[in-house]
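Asks: Sharing a structure, written as structure tokens. Questions coming.
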Amino acid sequence: MNQINITEKELRPKSGMAALILLMLGILAALALTILGGMSLDTSTTALGIAALVVGIVGICVLPMFMAGLKVVAPNEARVFTLFGRYYGTVKKAGFYYVNPFVSSAGPVTKGVVRTANGFDMKRVVSLKTQTLDNQRQKVNDVLGNPIVIGAVVIWHVDDPTQAVFAVENYREYLGTQTDSTVRNVARLYPYDVFDEGEGDEGAKEKTLRGSSLEIAASMKEELQKRVVNAGLVIEEVRITHLAYAEEIAAAMLQRQQAVAIIAARQKIVDGAVGMVKMAIEKLGEGDAVHMDEARKAAMVSNLLVVLCGNRDAQPIINSGSIDG
């Protein structure tokens, strides 16, 4: 696909207020000539009167057409002008200007007419303000094949209004489509979470969608910027706003997370219990306080592990007889 890049040319138009005053004076002068010419026809049909009447009528008909050259550019907005199908120039600086009356403002192709509070047609104005695109929520599969629901917002602005207007048909829709594709492509490279040591490939072990959301959002920003740079757009930030398992596997994954947490807790308990049992046997053996053979040591170890690793409080049984009984 061959795409022609148009180099932006910033216009320095004349003051619109001065042009407005001159046009109003010209219209008043044409109106005066028309009246004077008409009055002269009643008295004598002189050539001077006819000429004044013709000039006045032509001025009244023509001068209002030049009012089309008066343009208003609001702060943080730009207007891209074309003249008979060719790029004419761009005005970025806010103010009231006068340009060629035959130029027309170019803008993104949209359905319907959207107007601002001051009545300007938004199709003919390119906003340079920082804007937010809500990507909504979409269902994708992570690198392990688990369906997840992910949503993101994109903070962006138009840097080159000329490219934004001429490079793509509608830069807002173009950004939305590219954002959908970018979020899907990046989300497929990482697992939602890693439960086992062997899950995922080598790159996925280090980052997960749940644990490395900031790094993954930065990757989304970098890829999205590459896709929309030809449209004159700048991506300031990408943020993941929603991340969860899809409904069909949410319950199963919750049980899996709970199982992993229980196993990890049990491992901690067992490690601590073994250490406590070892310390108890060593303390009892110091100074020949208690003499136990291997069988009694094994029985004591078993009893201590049951007490320390059990889910419920142990019920002690007091032996009132001899140690042999």
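The values are calculated or read from the model by the stated rules, or taken from the named source; none is laboratory data. Because the structure is predicted, anything quoted here is derived from the model rather than measured. Note: ideal-geometry Cβ built from the backbone for every residue, glycine included; neighbour counts use all protein chains shown. Note: areas computed on protein heavy atoms with side chains; ligands, DNA, RNA excluded. Shrake-Rupley method; radii C 1.70, N 1.55, O 1.52, S 1.80 Å.
Asks: Note the full-extension length gain between R137 and A299 as 0.36 nm times their separation in residues minus their Cα-Cα distance, in nm to one decimal.
Replies: Values: separation 162, 0.36 × 162 = 58.32 nm, distance 5.86 nm.
Net length gain for the segment: 52.5 nm.
Asks: Further question: Net charge within 13 Å of F166 by Cβ-Cβ distance, Lys/Arg positive one each and Asp/Glu negative one each, not counting F166 itself?
Replies: Once positives and negatives cancel, what remains is -1.
Asks: Provide L144, L128 ordered by accessible surface of protein heavy atoms (probe 1.4 Å), highest first. Mind showing how you got there, number by number?
Replies: Values: L144 65, L128 40 Å².
The most accessible residue leads, giving L144, L128.
Asks: Sticking with this structure for a sec: How much length would be gained if the chain were fully extended between M17 and S104, taking 0.36 nm per residue of separation minus their Cα-Cα distance, in nm to one decimal?
Replies: Details: separation 87, 0.36 × 87 = 31.32 nm, distance 1.97 nm.
Stretched fully, the M17-S104 segment lengthens by 29.4 nm.
Asks: If each of V234 and E222 carries a label point 7 Å out from its Cα toward its Cβ, how far apart are those two points in nm?
Replies: Taking the simple label geometry, V234 and E222 are separated by 2.0 nm.
Asks: With respect to the cross-link table entries K129/K226; K129/K207; K71/K226; K139/K268; K92/K226; K139/K226, which display a Cα-Cα separation exceeding 27 Å?
Replies: K129/K207; K71/K226; K139/K268, as the Cα separations exceed 27 Å there.
Asks: With every protein chain left in place, what is the accessible area of R124 in Å² (1.4 Å probe, nearest 10)?
Replies: Number for this one is 100 Å².
Asks: Each label point is 7 Å from the Cα along the Cα-to-Cβ direction; what then is the distance between the points at M24 and L83, in nm?
Replies: Placing both labels 7 Å along Cα→Cβ, they lie 2.8 nm apart.
Asks: Where Lys and Arg each count +1 and Asp and Glu each count -1, what net charge lies around D180 among other residues with Cβ under 14 Å from its Cβ? Present the calculation step by step, with values, prior to reporting the outcome.
Replies: Details: positive: R137, K139, R172, R184, R188, R227; negative: D134, E173, E223.
Here the count lands on +3.
Asks: Taking a 1.4 Å probe, which of M220, M276 shows the most accessible area, and what order do the others take after it?
Replies: These residues rank, largest area first, as M276, M220.
Asks: Around G95, what is the net charge, scoring Lys/Arg as +1 and Asp/Glu as -1 over all other residues with Cβ under 14 Å from its Cβ? Don't skip to the answer; put the middle values down first.
Replies: On the way: positive: R12, K14, K71, R79, K92, K93; negative: E10, E77.
So the environment of G95 carries a net charge of +4.
Asks: With every protein chain present, what accessible area does H242 have (1.4 Å probe, heavy atoms only), rounded to the nearest 10 Å²?
Replies: 40 Å²
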